[in-house]
1. With unit charges on the beta carbon (Lys/Arg positive, Asp/Glu negative), name the residue among Val36, Val283, Ser85 whose Cα is farthest towards the positive pole of the charge dipole of the chain.
2. Based on the alpha-carbon gyration tensor of region 166-265 and its eigenvalue square roots a ≥ b ≥ c, which shape applies: rounded if a/c is under 1.5, prolate if not and a/b is larger than b/c, or oblate?
3. Using Cα centres only, tell me the gap between region 28-51 and region 221-290 in whole Å.
4. At a 10 Å Cβ-Cβ cut-off, how would you order Thr35, Thr282, fewest neighbours first?
5. I need the phi-derived Karplus couplings for region 63-73: 6.51 cos²θ - 1.76 cosθ + 1.60, θ = phi - 60°, integer Hz, Gly and Pro marked x.
6. Each residue of region 148-154 in turn: what ³J(HN,Hα) in whole Hz from Karplus with 6.51, -1.76, 1.60 and θ = phi - 60°, glycine and Pro shown as x?
7. Only Cα pairs within less than 10 Å get springs; with that Gaussian network setup on the chain, which residue of Gly210, Gly245, Gly90 has the largest fluctuation?
8. Applying the Karplus parametrisation 6.51 cos²θ - 1.76 cosθ + 1.60 with θ = phi - 60° to the phi angles of region 241-253, what ³J(HN,Hα) value in whole Hz is obtained for each residue in order, glycine and proline being reported as x?
Amino acid sequence: MNVRNTATKEYGKKVTVRVQKVKKSHIKQKLVFFTVLAVCLVILAVFSDHLCPYDPYAQDLSSALQAPSLAHPMGTDTYGRDMLSRVISGARASIFSTFILVAVISIFGTIVGVGCGYYGGIMDSVMMRISDVCLAFPGLVFAMAIAAILGGGIQNAIIALAVISWPKYSRIARSQTLALKNEPYIHAAILSGDSSLQIMLRHVFPNMLGPVLVTAMLDIGTMMMELAGLSFLGLGAQIPMAEWGSMMSSGRSMIQTYPWVVLSPGIAIFVSVVIFNLLGDTVRDYLDPKNREAF
C-alpha cells in the first residue's frame, strides 16, 4: 500500500509539473502575441503620416458621405475626407496621448506614494487626504468638470484625467512601501549608511515595480476610453483634429443614415482597447508570484 501511495503521489506530481509547463508556455505565447499586436498599433501611430492612402484633412465635397468601397474602404465623411486615412491619422493623437497620460499618473502617483509610505507624518496625511478627495467623486464626472474649467483641447483633457487618476498609484506605492521598509535588507542598508533616496531608488522602487507596471498596463485601455469620452463631449480634441473620440462626436447625428462615419473610429477604439487590456492581463499573469519561479 505504501508503495502504491508513493507511486500515485509521484505520478500526481509529474502531472502537476506538466500542467504547469503547459500553462507557462501558453502565457509566454500570449505575451508575445499581444505584445506584437500592441507594437503594431504603436508603429501605425508613429508612421501614420506615411500610411494614410489620402490626406486626412483634404476636403472633397463631391465625394461626401460615400459608402465603403475599394477606393475608400471605410467610406468618407461629410466633407469628403477619407475615413480610413483619418482613423490611421487619429491613432497618433489617441494612442500617444494615452501613453503620455498613463506615464504621468503612474510616475507621479508612485513617487508620491513612496514618499508618503517611507517618511509618513504630515506629508502622508496631507497627500492621502487629497487622494481621498479625488477618489470621492465619480472619476469621469470630476474630469469633465476640470476639463470644462480649463477649456477644450487634448492637453487639458490629459491634465483633467491626470488630476483624478494618480491616487490609485499612490495608494499602491504607499502600501508596498509600508510593507518593504520593515524588511531586514532595508535596515541593513540604513546601517550601512545609505541615504533615504538611495534606499528608495535601490531597494523600494525595484521591488514594487511589478504591481505598478501591471496597473499601468491595465490602465491604458481605460484611459484611452476616457480620453475619447472627453473628446466626444467636446472637452478634449477639437475639430478638425483627427482623434477617434472627436470623430465619433462629429458623426453621431448620422449613426442611422451613414453609420460608417461613427463606426470607423469606434471600431478603432474597440480594437485598441481590447489589445491593450489583453496585454495587461497577460503581463499580470506573467508577473504573478505563483508563476514567477516558472519563468
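Readers should treat all values here as calculations from the given coordinates under stated rules, not as data from a laboratory. Keep in mind it's a predicted model, so treat the numbers as computed, not measured. Don't worry about glycine lacking a Cβ; one is built from the backbone with ideal geometry, like all the others, and counts go over all protein chains shown.
1. Val283
2. prolate
3. Using only Cα atoms to place each centre, the spacing works out to 16 Å.
4. Placing the least packed residue first, the sequence is Thr35, Thr282.
5. Coupling constants for region 63-73: 10, 5, 6, 7, 5, x, 8, 5, 6, 10, x Hz.
6. Per residue, the Karplus-derived 3J(HN,Hα) values read 5, 5, 6, x, x, x, 5 Hz.
7. Evaluated over the chain, the most mobile residue of the options is Gly210.
8. Karplus-based 3J(HN,Hα) across region 241-253 equals 4, 7, 9, 4, x, 5, 5, 5, 5, 5, x, 5, 6 Hz.
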